[in-house]
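What follows is one structure encoded as structure tokens, with my remarks underneath.
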Amino acid sequence: VPAAGRAAFDRHSRAQALALAARLGLSCQLNLNLLPHGVLADEDAIDATLRAARAAGLEPQRLVIEVTESDVIADAPGFAALVNRHKRDGLALAIDDFGAGQSGLNLLADFQPDTIKVDMGLIRGIESNGPRQAIMRGLLLTCELLGIDVIAEGVETTAEYRWLRAQGVHLFQGYLFARPGFESLPRPSFPAA
């Protein structure tokens, strides 16, 4: 997609995803990614997403907008003002790939999202890596005190899952649970625990 058309393509993709979610009858929260710097580059990105949700018959309160750490850092005051305006509509915010950027802890101090999705780089092999475990424990405590939900991204092994579960993580994403599907609901691959 040429650079000049990326914002429109991103907006159209989210509208299509929302229409598909409605057709599939999904009743859970719907997480939607925005292109890096998409929120700040396309001032209508969130409003267009809310319009698309309403057109698909979905309540805006079910939407979780996912942005990368770099999106927030690029213009923290502008980003905070934009998101806070939409939070009044019930829109939730998740920071995707948390920990892969450069100022994660400053981000939590200055702007508290509803959810962070811990980058799989920190998750990989966590069951046998003391420094990763210490960082994750600190992050979980910080998020608990701030009222932020934590999702462990990229969980691929039962050992990673069990260690994270023992620490109180209850939201997971990764191939251990299901592979992504195209225009379909994923087929769970992890036995219920």
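Computed over the alpha-carbon pairs of the range 1-70, the distance histogram in 10 Å steps reads 21, 54, 23, 2 percent, short to long.
With R₀ fixed at 25 Å, the C-beta to C-beta distance from residue 43 to residue 183 puts the FRET efficiency at about 0.25.
Counting only protein heavy atoms and a 1.4 Å probe, the range 62-180 has 48 square angstrom of accessible area per residue.
Under 5 Å between amide hydrogens, built in the peptide plane, is the criterion, and for residue 33 it picks out 66 among residues at least 5 positions away or on other chains.
A simple rule links phi to the HN-Hα coupling: the Karplus curve 6.51 cos²θ - 1.76 cosθ + 1.60 with θ = phi - 60°, which for the range 118-133 gives 5, 4, 4, x, 7, 6, 4, x, 4, 5, 10, 10, x, x, 5, 4 Hz, with x for Gly and Pro.
Treating each Cα of the range 80-120 as one equal point scatterer and applying the Debye formula with no solvent, the log10 of I(q)/I(0) at q = 0.25 Å⁻¹ comes out as -0.88. What full-extension length gain, to one decimal in nm, is calculated for residue 27 and residue 61 as 0.36 nm per residue of separation minus the Cα-Cα distance? That works out to 11.1 nm of additional length. Expressed as a whole percent, the accessible area of the chain that falls on carbon and sulfur atoms is 54 (1.4 Å probe). Dividing the helix sum by the residues of the chain, where each DSSP H run of 4 or more adds -39500 (n - 2.57), gives a mean residue ellipticity at 222 nm of -13500 deg cm²/dmol.
Shown here for the range 153-187: GluC sites (Glu not before Pro) in loop regions (DSSP other than H, G, I, E, B) with at most 14 other Cβ atoms within 10 Å, namely 183.
Counting only the Cα atoms, the chain fills a convex hull of 127 Å³ per residue. Each part gets one Cα centre, and for the range 45-97 versus the range 150-193 those centres are 25 Å apart.
Across the range 143-159, coupling constants 3J(HN,Hα) worked out from phi with the 6.51/-1.76/1.60 Karplus curve, θ = phi - 60°, read 5, 4, 5, 8, x, 10, 6, 10, 10, 8, 8, x, 6, 10, 10, 5, 5 Hz, and Gly and Pro carry x.
The values are calculated or read from the model by the stated rules, or taken from the named source; none is laboratory data. This structure is a prediction, so every number in the text was calculated from the model and none was measured. Here the Cβ is made from the backbone with ideal geometry for all residues, glycine too, and neighbour counts use every protein chain on show. Quick note on the areas: whole protein, heavy atoms, side chains included, nothing else; ligands and nucleic acids left out. Shrake-Rupley method; radii C 1.70, N 1.55, O 1.52, S 1.80 Å.
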